[in-house]
Amino acid sequence: MTKKTLLAIVLLFSGLALATSVVAADNLADRHAQDGLECTHCHVEKVRSKAPKMDTCLKCHGGSYEQLGRASAEKKPNPHYTHVGDKECTVCHKGHKEPEFFCNDCHKFRVQMPLAKGTTQGGQPLLTGANP
Amino acid sequence: MGQQITRRGMMKTCLTAVAAGAVGPVSTTAQAAATAPAANDYDAIILGAGTAGLVAAVEAYDQGIKPVVLEKMDLPAGNSIYAMGGVAACGTRIQKQEGVAESKDDLFADMMKVSTDKADPALTRTYVEHIGQDVDWLQDTIGVKFRTLSRLPYPLLSRLHWVEGGSITGGGMLIRLLLAACKKRNIPILYHTKAVELITNKRLAVTGVRALTEDGLADFKARGGVVITTGGFSANREMLCGYLGGVMSRLPLRGSSYVTGENITLTKPLFAKLVHMDQFHCGPIVSATHLNPEEALNSGYGIIVDLRGRRIIDEVNTYVAKARALPHLTPENKAYQLVDSNWPAVKKMADKCTDMNSPFFQDDTVEGLARKAGLPVEAVVTTVNSYNEALRNNKLEDLNPPCTFKDPHAMDKGPFYAFPFESGMTATFGGPKINIKAQVVNLEDEPIKGLYAAGNAAGGLFFGDYLGGTQLGGATVFGRIAACHIAQACKKGKKA
């Protein structure tokens, strides 16, 4: 299957999802669709199936990464200003599936991400082997 | 921050050239260079966007030559961003302003001492001669803000210049500022571009780099030289097993998962002299959350017990020494720092764990604490009672292992706390030996023309332990030296 065919199918089903969407958005793409945005609003890359780059997201969200960092400065940790640098938005904010909190690849912060199912990311860490 | 140029556009021409050269499997000889001529010409090619690499890039540009940085990840992803951000120095403007006199000879002596005199004296001397002006340079040229000097850590002198990180690590801030300095100069940083081979001429002088990009292999030509600033091999398990072996090769990581030994794989085919290959630094870590419990281990309070509830080490040791010993003392590489509320900072430590959602245990009794931590209750109670009794009888040194605190404290004030920790890998010290010009030398101690290394990619500066703040310091000193030397070579019109 060519990429174009695949994309066409994806877009077709996205369109169906849009047409039949219910109130609660399951993911970022659903929410965008509910807001009346077309798929191509975000999918502007030359290879359309590729995740949108940061600049595309910033056009509607924050304007700049620095501004995003200021807007979320009260959060602990500030997800938009970290020691690892400014990650691409889609590393955490997945378009078509649940969000993933990149920081928790190493840490276990209790963070509520937009559109995340459940109340926390990370959960309760356990020090395995604590019982001899 | 973020990508500064469109890599794809820059790749087009060189990819065409590589395709024309019918690139086969990656080779390590000059033959590849002949069939795949470089199409991207620079004066200095710098591999790895860490402290050493970005410092080298800025210095190269300011020396009037044309650098490029190739970074295999999407952002600077080496160990710098995990660093607390200390730079050990003498003779800085800050020290003069604060009326602190730290001598070069004393710093030299202490750096040699922590290496048990096995660090390269010439490199160590170069460090102490340059670091003062280099800290000033970090302030003036990069815009680094340092905190007020404090007399920490060992040997409690006012040497450590802490990068002010704000809400992030000092190392993370340093990288942000270095990236900004590169951006200001329009220095290209090509992300997702991993060096896979050094290109050489028929005399085995380094003339460029073959790199794997998102679009395939591409060749880069270096008129003056290539600087390897890829860090060590702390995240390369195969190399750790080979060079360290045993329990220390299986520690959890405290830093980057992407420091994978390109300093070795790229230079070994050129017969680089690899030194200090079994040397590394480790420290305490909670691997599940990456919390660093160093405050608890250095508190001077409490005892350390293993999962059987027994004391395992003289608590007077530094947190680094404790971490280094732990994997040899316990098969699980896990222990608990037990402290009571006599430690004034215990609440702060508990809050830090809470903020990071990192496990710790608290109870009003030792018995309850052991139960909550899942430790054998009877053993823990016996251990704590034995410690307190020995303290009362002035016989702490008779314990096994002895406890030699000069100012020991009883464990008798609830609530009691248990902070778990493991030993974790910080960084490796082994790599291609460099000379005082940051040139990589071969097994005959001759410089490999056109090849440089700096930071933890380079071998020779560290052995055993390192003086706090000399890793970032070394990256700065030798990153700048490499860039200056390449610039001189370019101006003379020859390869160094």
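Descriptive notes on the structure:
- Only residues that are of a type outside the set (A, V, I, L, M), within 30 Å of residue B:203 (Cβ to Cβ) and either in a strand (DSSP E or B) or under 14 Å from the mean Cα position of the chain (by Cα) (or both) were counted in region B:433-473, giving 10.
- Residue in region B:394-414 that is in a helix (DSSP H, G or I), surrounded by 18 or more Cβ atoms within 10 Å (Cβ to Cβ), modelled with pLDDT of 95 or more and outside the structural domain of residue B:159 (by TED's automatic domain parsing) present: yes
- Pairing residues of region B:373-391 that are within 14 Å of another protein chain (Cβ to nearest Cβ) with residues that are in a helix (DSSP H, G or I) and open to solvent by 10 Å² or more (accessible area, probe 1.4 Å), at Cβ distances under 8 Å and at least 6 apart in sequence or on separate chains, gives B:377/B:367; B:377/B:371; B:380/B:366; B:380/B:367.
- Of the residues making up region B:247-255, none is over 18 Å from residue B:333 (Cβ atoms), at pLDDT 95 or above and touching a helix residue (DSSP H, G or I) at 6+ places or on another chain (Cβ under 7 Å).
- Single residue of B:135, B:163 found to be away from every other protein chain (no Cβ under 14 Å) and open to solvent by less than 20 Å² (accessible area, probe 1.4 Å): B:135
- Residue B:308 being open to solvent by 20 Å² or more (accessible area, probe 1.4 Å), of a type in the set (D, E, K, R), touching a residue at least 60 places away in the same chain (Cβ under 8 Å) and within 14 Å of chain A (Cβ to nearest Cβ): yes
- Residue count for region B:311-334, restricted to those that are more than 14 Å from chain A (Cβ to nearest Cβ), open to solvent by less than 30 Å² (accessible area, probe 1.4 Å) and either over 19 Å from residue B:250 (Cβ atoms) or not small (Gly, Ala, Ser) (or both): 6
- Considering only residues in region B:166-182 that are more than 9 Å from chain A (Cβ to nearest Cβ) and open to solvent by 20 Å² or more (accessible area, probe 1.4 Å), the one that is farthest from residue B:144 (Cα to Cα) turns out to be B:180.
- Residue match in region B:276-290 (condition: open to solvent by less than 10 Å² (accessible area, probe 1.4 Å) and over 23 Å from residue B:456 (Cα atoms)): yes
- Filter result for residue B:207 (in a loop (DSSP other than H, G, I, E, B), among the β-branched types (Val, Ile, Thr) and open to solvent by 20 Å² or more (accessible area, probe 1.4 Å)): no
- Test: residue B:201 is of a type in the set (S, T, N, Q) and under 30 Å from residue B:93 (Cα atoms): no
- Taking the criterion of being open to solvent by 40 Å² or more (accessible area, probe 1.4 Å) and either among the aromatic types (Phe, Trp, Tyr) or away from chain A (no Cβ under 14 Å) (or both), the residues of region B:60-99 that qualify are B:61, B:62, B:63, B:64, B:66, B:72, B:82, B:93, B:96, B:97, B:98, B:99.
- Applying the criterion of being over 23 Å from residue A:82 (Cβ atoms) and among the basic types (Lys, Arg) to the residues of region B:138-160, the residue that is most open to solvent (accessible area, probe 1.4 Å) is B:151.
- Breaking point among (1) under 18 Å from residue B:300 (Cβ atoms); (2) open to solvent by less than 20 Å² (accessible area, probe 1.4 Å), for residue B:428: (1)
The values are calculated or read from the model by the stated rules, or taken from the named source; none is laboratory data. It should be emphasised that the depicted structure is a prediction, and the values quoted were computed from it without experimental measurement. Neighbour counts are summed over all protein chains in view; Cβ atoms, including those assigned to glycine, are modelled from backbone coordinates with ideal geometry. Protein only, heavy atoms only, side chains kept; ligands, DNA and RNA dropped before computing areas. Shrake-Rupley method; radii C 1.70, N 1.55, O 1.52, S 1.80 Å.
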